[in-house]
Amino acid sequence: MEDTWNLLGRALGAVVTCAVATLKIPRAQVLQGAGVTLLGASSLKAALDIDWSDASAQADALARLLAEVDRVEAWVAAHVPVAEAPPVQAALGALRRVLTQDLEPDPTTGHRRIRRGVAAERTS
């Protein structure tokens, strides 16, 4: 089973891939247009390049990743015509399921954090 970081990276990448296929444009154009930097490396964790034992670094990395998720969603909403969007919408739905099942509010900061434990209905 993949960890939350990899699930989020894979789901975000799928949204970009579907947008590329739907619009028939280069992947780099979508990444640049959306302001995405984390999908160009060999893996999401490599792109984040943090000390994974540091909880504060993980929180900052999650905030960075979620900002990129927001930018991709906004880019898709602005550039993918609704009539051509079923594959993109399906990929966005999968991404949102991962966000919902694997993240929870952090009561100490008010930001989102990775959920403790595994949701019973988890997408793997």
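The values are calculated or read from the model by the stated rules, or taken from the named source; none is laboratory data. As the structure is a prediction and not an experimental result, all values here were calculated from the model. Please note: Cβ atoms are built from the backbone with ideal geometry, for glycine as well, and neighbour counts cover all protein chains shown.
Numbers at a glance
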item: Residue within region 19-31 that is under 17 Å from the mean Cα position of the chain (by Cα) and touching a residue at least 60 places away in the same chain (Cβ under 8 Å) present; result: yes
item: Output for region 17-74, where each listed residue is closer than 16 Å to R112 by Cβ and of a type in the set (D, E); result: D60, E68, D70, E73
item: Output for region 22-39, where each listed residue is exposed (fewer than 12 other Cβ atoms within 10 Å of the Cβ) and in contact with a helix residue (DSSP H, G or I) (Cβ under 8 Å, 6 or more places away or on another chain); result: P26
item: Residue within region 17-36 that is among the charged types (D, E, K, R), in a helix (DSSP H, G or I), modelled with pLDDT of 95 or more and closer than 19 Å to G93 by Cα present; result: no
